[in-house]
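Quick note: the coordinates plus some simple rules give every number you see, no bench work behind them. Just so it is clear, the structure is predicted and the values come from calculations on it, not from any experiment. All Cβ positions, even for glycine, are placed from backbone atoms using ideal geometry, and neighbour counts span all protein chains on display.
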């Protein structure tokens, strides 16, 4: 049986844990409420670059030690950076819980040595180049940039080569001091664990970290209908994404939004599936929900031959219009059943559960048990979806395309 | 305590394997059919891929939409894919729903409708997916690396070739279905919260009278050559290297496997350390063990900007050769704990275990328990690994590159 615990250290570090005595492992993660949206244009890409620098050594350890010590525990460890958070985690066998937490605490006190900083710049530039060979990623970056315009969510996570080359070591150190500290982060633990031990270890290894207040700018996004076509004759396929306003990560309607996304755009059995993929008009047709901090988005993504993409877009938009008029109980039930299964499956794996809990806390400072999530999900019905599509009627819409097609409207 | 593992082969040649997992609410199913790309008819590559889509478009009493709606109503998280050796159908959900869904899967593999409209769409989607490969050079590289490394037909692209897909007809697909979807050598695997008596009798009821022809053995031919460059104006140069290794069923397997872990296990692995951390030549570099029945291989990938590609290839080759000089006790220790932790954590996922025991049965004719795997890992010594490495000079190498410029080969 799962049980939840929470505590706060005197320096303000939040600790949350979900204990599962049936697990074979323990997952630990430090989540920081910072990402590319908290950057200025001058230091764009610093959040993600800093995430890399954490693995390049602390005052106590060299870069070789950082990786070696995790590997000596057999840890599954990594980190990720989004527009709104950066997280560092390790999944270990329970006997390594203390060692893993201690090492995570060193990881988050980086030395940022100038020589390591210069070397790692090249790795970041390679990562940027790698994503340029991925049409889906190019399209997504463009979509966020165009859709959010002057809003900070438009900032690229990786940054541009120019901003990375310009970035100075001391700018990164200053960003670290301003953003990384209790008050702006949470330690999340799941799996087989003893909560008292986790709190004692957190006090021992993170208790001396200075508190940080790191407010986040929350300007209101200004949405308008727009379209941007990227022409690339090297590509065979035409890729299209569109984004429109949706509920935020704090909005109660986010649960209904998840159900709606499944009804409209799940890879199997959804409205988009039957209208676009079953008949092979498009190879892929997804519709999803992307909640952000204080605002949110729905998106659609289509991949098709260049000659079919406009037809596919027309059909997708017609489906969005239709769902506003009629949505039936059976398809809602099916979507809920699929989402319920994914909740159960996620709950059985400590790493998945930890990522979900930590992320939730960063947005809402709230813990939700699987039972609560399940109950909220079960309560979604036709009325909630009707209300949702009235409040968020899929416009204004930002459309971006990439591929060899002319890109002309028509 | 009740048995935790189940293995039974029915008179018709179908095998059921199972693992009961305490504390789980879910179950997962993996269904392997002896219809992989390797056994696609000679001039009909991609046939298994089209078939794996087509069989889902209506089966038994349910038409296309009814079948998908039914599987969705059970909340099944589903997958369908084609590998070199098998067509694979998988699902996971609350255990009772997975068991309930078995009847529909029996319809899918035994009584699919194989309709004309469904065939046209499935083939169209296969052609679209194939056209997309050119847009993603990394994927293209890995397909070509397999083609140039493995003896034919093991090196075949599971997606098929354009000319073959264009020639495919519904009649040919129907004939292929009759030929390759059969009980002999099929494996159904279930893991999670299951009752062995229940699943065994249910599988017997649904598949006991399933017949069909026997599997036809393959004739192997050498691959086209060792070195291949594909010119493409990509952002990065993508490098693939392959060479033979020990069979998964060989007494030396764990010695060989440990060596690969030392090369590319955790982030302290030699490739990551030398190529990325020390020299910052690339973002992505890795090596892994690939197992087919009767063929063990090491596959290596690196993606790097074009002006660093030669240095990257040279540096990777140095590391592959340096392995022969042996590994240290500390390196082995890290490799062992890493592999052991992965093995134990696999026990937290019903999907991972359903897949693993199906693979085990296919490779060995029996399931290995997690304890057996842990003991095998524990038993490896530095002396054993180093003796193995000394006797096995790496190579011969197959090297494939995708990028704007050909590299100088070693």
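Summary table below
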quantity	calculated
Computed label-point distance, nm, for sites residue A:168 and residue B:314 using a 7 Å Cα→Cβ extension	3.6 nm
Per-residue Cβ neighbour rank within 10 angstrom, fewest leading, A:336, B:408	B:408, A:336
Length added when fully stretched, residue B:383-residue B:218, from 0.36 nm per residue minus Cα-Cα	55.6 nm
Percentage relative contact order, segment B:5-207, counting C-alpha pairs under 8 Å, at least six apart	39 percent
Inter-centroid distance (Cα atoms) of segment A:1-77 relative to segment B:171-225, Å	45 Å
Principal axis dimensions, segment A:226-403 - Cα atoms, whole angstrom, descending	48, 33, 29
Folded to 0 to 90 degrees: helix B:137-149 orientation relative to chain B principal axis, Cα	90 degrees
Crossing angle, helix B:95-110 versus chain B [Cα axis fit, 0-90 degrees, rounded to tens]	80 degrees
Rounded to whole Å, sorted largest first: equivalent-ellipsoid semi-axes of segment B:312-365, Cα gyration tensor	31, 16, 12
Largest to smallest principal axis extent of the C-alpha atoms in the protein assembly as shown, angstrom	71, 71, 61
Other protein chain Cβ atoms within 10 Å, averaged over every residue that makes up B:72-82	5
Peptide ranges B:234-245, B:341-352, A:228-239, A:297-308 listed from the most packed, as the mean C-beta count within 10 angstrom indicates	B:234-245, A:297-308, B:341-352, A:228-239
Whole-Å distance, taken between Cα centres, linking segment B:62-134 and segment A:185-251	34 Å
P(r) histogram, all alpha-carbon pairs of chain A included - 10 Å bins from 0, percent	5, 20, 28, 27, 16, 4, 0
Net lengthening on full extension, residue A:279/residue A:200 (0.36 nm per residue, minus Cα-Cα)	22.6 nm
Gyration tensor (alpha-carbon) shape descriptor, segment B:114-260, a/c threshold 1.5	oblate
Kirkwood-type radius of segment B:58-140, with distances r between different C-alpha atoms, in Å	14.6 Å
More than 18 angstrom apart: percent of Cα pairs within segment A:201-262	70 percent
Rounded to 5, the percent of DSSP beta bridges in chain A classed as antiparallel	80 percent
Computed lengthening from residue B:162 to residue B:96, 0.36 nm per intervening residue step minus Cα-Cα distance	19.6 nm
Average other protein chain Cβ within 10 Å of Cβ, residues B:338-350	5
Binned Cα-Cα distances of segment A:125-264, short to long, each 5 Å bin given as a whole percent	2, 7, 10, 12, 14, 15, 15, 12, 8, 3, 2, 0
Peptides A:197-208, B:368-379, B:298-309, B:210-221 ordered by average Cβ neighbours within 10 Å, highest first	B:298-309, A:197-208, B:368-379, B:210-221
Using a Förster distance of 22 Å, the FRET efficiency for residue B:250-residue B:369 (Cβ separation, nearest 0.05)	0.65
Ellipticity estimate at 222 nm from DSSP helix runs (n ≥ 4, -39,500 (n - 2.57)) divided over the protein assembly as shown, nearest 500	-13000 deg cm²/dmol
Ranked by how many other beta carbons lie within 10 Å on average, peptides A:243-253, A:371-381 from highest	A:243-253, A:371-381
Gyration tensor (alpha-carbon) shape descriptor, chain B, a/c threshold 1.5	oblate
Range of Cα positions in segment A:3-206 per principal axis (Å), largest first	46, 36, 33
Distance (nanometres) between label positions extended 7 Å along Cα→Cβ at residue B:43 and residue B:25	5.5 nm
Three-way shape label, segment A:76-138, alpha-carbon gyration tensor, a/c 1.5	oblate
For residues of A:277-283, the mean tally of beta carbons on other chains within 10 Å	6
Kirkwood Rh in Å, taken over segment B:227-403 so that all alpha-carbon pairs contribute	17.2 Å
Folded to 0 to 90 degrees: helix B:253-264 orientation relative to chain B principal axis, Cα	60 degrees
Where labels lie 7 Å past Cα in the beta-carbon direction, separation of residue A:232 and residue A:7 in nm	5.0 nm
